[in-house]
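Okay, structure first, notes after.
Quick note: the coordinates plus some simple rules give every number you see, no bench work behind them. As the structure is a computational prediction, the values presented were derived from the model and not from experiment. Using ideal geometry, Cβ is built from the backbone for each residue, glycine included, and neighbour counts are taken over all protein chains shown.
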Amino acid sequence: MFYTLTTNPAIDMVVTCDKLVPNKVSRTRDATYVPTGKGINVSFALDHFGISSTILGFFGGFTGRWLHEEATKVCPVKSVEVQGITRMNVFVTSGDDEYIMPSTGAPVPRDRQLEMLRVIEESHDMSTLIVSGSLAPLMEPTYYDEIALLCQQKAAELILDVSHPHLAELLAHRPLLIKPNDEELGEIFNVDVDSPDQIVRALHDVHERGARNILCTLGSRGAYFLDESHVYHATAAKVRMYSTVCAGDASLAAFLSVWYDDRDAVVPALTKAMATGGNVAMSAGIGDLALVGELEKQIRVSEVD
């Protein structure tokens, strides 16, 4: 079974306003509160595509209780309770612009980190662990290594969607898949990603460092995927954007829902991933994904290397 681990979950407050004006009141509308965190988003999207998963995460305070209750309505949750309050992030859409204001999050002390490792160790039905998102305060990047080694001991596959610079060192554990965006690819691995040719070279470089498969998203420019023998590019769906929150996470889930059991099905997997990301960008949170089938007609996938 898939498990997802969100080390720093959150509630996203997504609002719109006509115009943000400094030092003046900017009236908002359409406030939506979304239980989230990158791994949680992946689990929600997997559930939509009929794939079971279990959510792992650290939860604290009244926001953590609400987040836990909402997540449990969709997927099983194995939580580790922490002191402090689970964070709330603010996303403001003003005209064609989006302002993203993430919070720091509740600290996770070492004893709570060890408790999560115990939960992972005792999850005997875990075949794949998807680790997503930022680290909470008090968590060292080497915690990722502890998780990776535990997965190896359990013979569980590891998928990483993390933006920490330590991702470069984590490739020594040979994760099944990593999912950076183009900015993360360039900054973490110190490679140029300004042109398609540079992105393809960068993907090969990262693959040689240990990433067995790489899904690299580029927003409105689509996505690239590298496996053992090919590099593919998929276009993005053209949609009216409401919020990019959750789009990358849902794209990852959609890709896995096709590719995980059939590693040759790259084209339909990328097609579903890009259509799903586009559909999510049209709403707050994951949304209902009702237009994925329609948006798939826009997507074009080609082998580029």
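Taking the average, over residues, of other Cβ atoms within 10 Å as the packing measure, peptides 166-175, 189-198 rank 166-175, 189-198 from highest down.
Among K238, K38, K272, the largest mean-square fluctuation in a Gaussian network model of the chain, built with springs joining Cα atoms closer than 10 Å, belongs to K238. Here, the chain is characterised by an Rg to Rh ratio of 0.95, where Rg is the alpha-carbon radius of gyration and Rh the Kirkwood radius.
Mind giving me the FRET efficiency for K297 and E121? R0 is 41 Å, r the Cβ-Cβ distance, nearest 0.05 is fine.
0.35
The length gained by stretching the chain between H166 and V304 to full extension, at 0.36 nm per residue less their Cα-Cα distance, is 46.8 nm.
When you count the other C-beta atoms within 10 angstrom of each residue and take the mean per peptide, 252-262, 47-57, 291-301 line up highest first as 252-262, 47-57, 291-301. Residues whose amide H lies under 5 Å from that of N181, counting only those 5 or more places away or on a different chain, are T217; hydrogens are built 1.01 Å from N in the peptide plane. Determine which residues of the stretch 1-33 fall in the zone a paramagnetic label at E140 would reach in this model, i.e. backbone nitrogen under 15 Å from the point 7 Å along Cα→Cβ. Taking a point 7 Å out along Cα→Cβ of E140, no residue of the stretch 1-33 has its backbone N under 15 Å. At a Förster distance of 45 Å, what's the computed FRET efficiency of D30 paired with N190, Cβ-Cβ distance as r, to 0.05? It comes out at approximately 0.65. Scalar couplings 3J(HN,Hα) for the stretch 250-256, obtained by applying the Karplus form with A = 6.51, B = -1.76, C = 1.60 to θ = phi - 60°, are 5, 4, 4, 4, 4, 4, 5 Hz; x denotes Gly and Pro. Considering only alpha-carbon pairs that sit under 8 angstrom and 6 or more positions apart, the relative contact order computed for the chain is 15 percent.
Computed 3J(HN,Hα) for the stretch 185-192, one whole-Hz value per residue from the Karplus formula 6.51 cos²θ - 1.76 cosθ + 1.60 where θ = phi - 60°, is 4, x, 6, 6, 9, 6, 10, 7, glycine and proline marked x.
Could you order the peptides 3-10, 29-36 from most to least packed, using the average number of other C-beta atoms within 10 Å per residue?
So the peptides 3-10, 29-36, ranked by packing, come out 3-10, 29-36.
Remark: C-alpha extents of the stretch 1-115 on the principal axes read 46, 35, 19 Å, sorted largest to smallest. Dipole size of the stretch 234-286 about its Cα centre, with +1 on Lys/Arg Cβ and -1 on Asp/Glu Cβ: approximately 280 debye, rounded to the nearest 20. Computed from label points 7 Å out along Cα-Cβ, the spacing between C17 and M1 is 4.3 nm. Annotation: amide H of D12 within the under-5 Å range of V34, T36, N89, sequence separation 5 or more or interchain, hydrogens built in the peptide plane.
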